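Here is the structure we will look at.
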Amino acid sequence: MRARRLVAAASLVVGLVALSGCRTEPGVAAYVGDQNITENTVDSLLDELRESSASTETPELGGPGPQLPSRSEVVGTLVLGEVCDQASADQGYQPRERVEPVQVAGQLGLPPESEYVRQLAALYTCLSGLPMGDSVAPTEQELAEVIAAGRTAGVIPADTPDDVVAGQLDGPQLREGLASRRVLAEAAGEYDVTVNPRYRPLEFPVLSFSPGVAAVSVLLGEPGSDAVTDVSSPEPLPPTGADQVA
């Protein structure tokens, strides 16, 4: 599997719609149906990555070191994994490809034996079996949002007119990403997903201009919260890579 495709498949995941009102328990990061994802699970995955990274030799001068995901990224991965598992079981979807931990590790610079990397590999494998739907042309609003994200991130030159940028961005990759987001959001609406207020809004990149710079994202759970949180900041070692919008 090409590396570019691998990350895109991982990212073309779910815009989850929360169907329940208030559902919170101390120590629970998120709920998917009657399943919960605990803060202890998130801590365990990050602790293991920190220990693995600490024991890894320092990269060559000038080379990038391994970067840990943020807590939000870990929660998003676990939520998406649970949703995909439930959807596959309910609809009888079967993976079309098997993604190995070593492939994911190569993308992220993380240990292939770590549980987080194994969770990601399992998620990508599961997602390969979900129907993504036909490509859909972006609306003017969707194109404007993608362009705005690129300008904010500094990856689209300020002096390049919007109509020129739109012509460059509006291609198969963006159209397939938007279609997948729409189809999977509708499917995920069947599940009762609730995210702890500290992680809201929890978004997962569908397509990115570069690692950490999302072009299209899907919302997981509720749209937002008044709660004060710092979980959007990366943990001591930073975010995963993502497919680039060409």
| Accessible area of segment 98-147 divided out per residue, in Å², using a probe of 1.4 angstrom | 45
| field | Burial order of peptide ranges 192-198, 44-50 (average beta-carbon count within 10 Å, highest first) | value | 192-198, 44-50
| For segment 80-150, max minus min Cα coordinate along each principal axis, in Å, sorted largest first? | 43, 33, 18
| query | Counting Lys and Arg as +1 and Asp and Glu as -1, each charge on the Cβ, what is the dipole of segment 80-155 about the Cα centre in debye, to the nearest 20? | reply | 220
| said: At 1.4 Å probe size, what's the solvent-accessible area of Thr77? Round to the nearest 10 Å². | reply: 10
| said: Per residue, how big is the convex hull of segment 134-204 when only Cα atoms are used? Give it in Å³. | reply: 103
| How big, in percent, is the set of alpha carbon pairs in segment 104-225 lying more than 25 Å apart? | 35
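The values are calculated or read from the model by the stated rules, or taken from the named source; none is laboratory data. A quick note: this is a predicted structure, and the numbers were derived from the prediction, not measured. We place every Cβ from the backbone using ideal geometry, glycine too, and count neighbours over all the protein chains shown. Just so you know, the surface numbers come from the protein's heavy atoms only, side chains and all, with ligands and any DNA or RNA stripped out. Shrake-Rupley method; radii C 1.70, N 1.55, O 1.52, S 1.80 Å.
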